[in-house]
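A quick write-up on the structure given underneath.
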Amino acid sequence: MSAADLSVGNTYANYEKSCRKVSLMKPKLVYNDGKIQGYHCQDAAGADIWRYEFFENGRLVKVHSRPVTAEERNQRFQMGLLGLAIMNSGTPSTNTSIGTVAPTRIFSFDIPSGVNTVCFYNQTGGMYSHTIPRGQVCPRILN
C-alpha cells in the first residue's frame, strides 16, 4: 500500500479499495469497540512487520506497526509444519492434547475512545487490547 493510503485522515473506503488492489481481499477486522475499528490488510508487508490501521468515524486515526520477531517467525514456521503434518497424516488422533501457556503482553500504544482508553499490547502472534477508564495509565505488562 502507498503512504497516501496510510495517511491519517484517509477514508476507510479509500483504504479498503487499496487493500483489495494489493491483496485481492477486504481488510480483516481485528478490533471493534463500537467507536474505533482496527483492521489488518494482508499485503506483502505482513511477512516482515505486523501492521494495523485504526479508524474512527470512517477516518484513519492511527497506523501501528512493528517488526515481526524471530520468535514469531519461528512460530509461523512451526505452525506451517504442523499444518502440513496434519494434512499428510490422514485421520487425526482424538486423544492428543496440547498444553497452553498464557502469553506475556507488553504495552505498545493506546488510543482514546470516548470515556475510555484502549491499551494495545504486543504478544506472540499479534495484538491484544485492554480497555480502561480514561485518566488511568495502561499497565506496561499484562499476563
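Okay, here's what the table says:
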quantity	calculated
Enumeration of residues in the range 20-34 that are more than 19 Å from Ser108 (Cα to Cα), surrounded by 14 or more Cβ atoms within 10 Å (Cβ to Cβ) and at pLDDT below 90	Val22, Ser23
Criterion violated by Arg66 - all others in (1) within 15 Å of the chain's Cα centre (by Cα); (2) at pLDDT 90 or above; (3) not hydrophobic (A, V, I, L, M, F, W, C) satisfied	(2)
Top-ranked residue of the range 45-58 - restricted to ones that are assigned to a strand (DSSP E or B) and hydrophobic (A, V, I, L, M, F, W, C), ranked as surrounded by the fewest Cβ atoms within 10 Å (Cβ to Cβ)	Ile49
Count - residues of the range 1-19 that are modelled with pLDDT of 85 or more and in a helix (DSSP H, G or I)	8
Selected residue (only one of Gln37, Gln42 is surrounded by fewer than 17 Cβ atoms within 10 Å (Cβ to Cβ) and among the polar types (S, T, N, Q))	Gln42
Matching residues in the range 59-85 - criterion: being loosely packed, with under 11 Cβ neighbours inside 10 Å and either on the phi > 0 side of the Ramachandran plot or of a type in the set (S, T, N, Q) (or both)	Gln78
For Cys41: the one exception among (1) within 18 Å of the chain's Cα centre (by Cα); (2) farther than 18 Å from Arg66 by Cα	(2)
Members of the range 24-38 that are small (Gly, Ala, Ser) and within 16 Å of the chain's Cα centre (by Cα)	Gly38
So Asp110, is it under 30 Å from Lys21 (Cα atoms), acidic (Asp, Glu) and at pLDDT 80 or above	yes
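The values are calculated or read from the model by the stated rules, or taken from the named source; none is laboratory data. What you see is a predicted model; the values in this text were computed from it and never measured. Quick reminder, even Gly has a Cβ in these numbers, built from the backbone with ideal geometry, and neighbours come from all protein chains shown.
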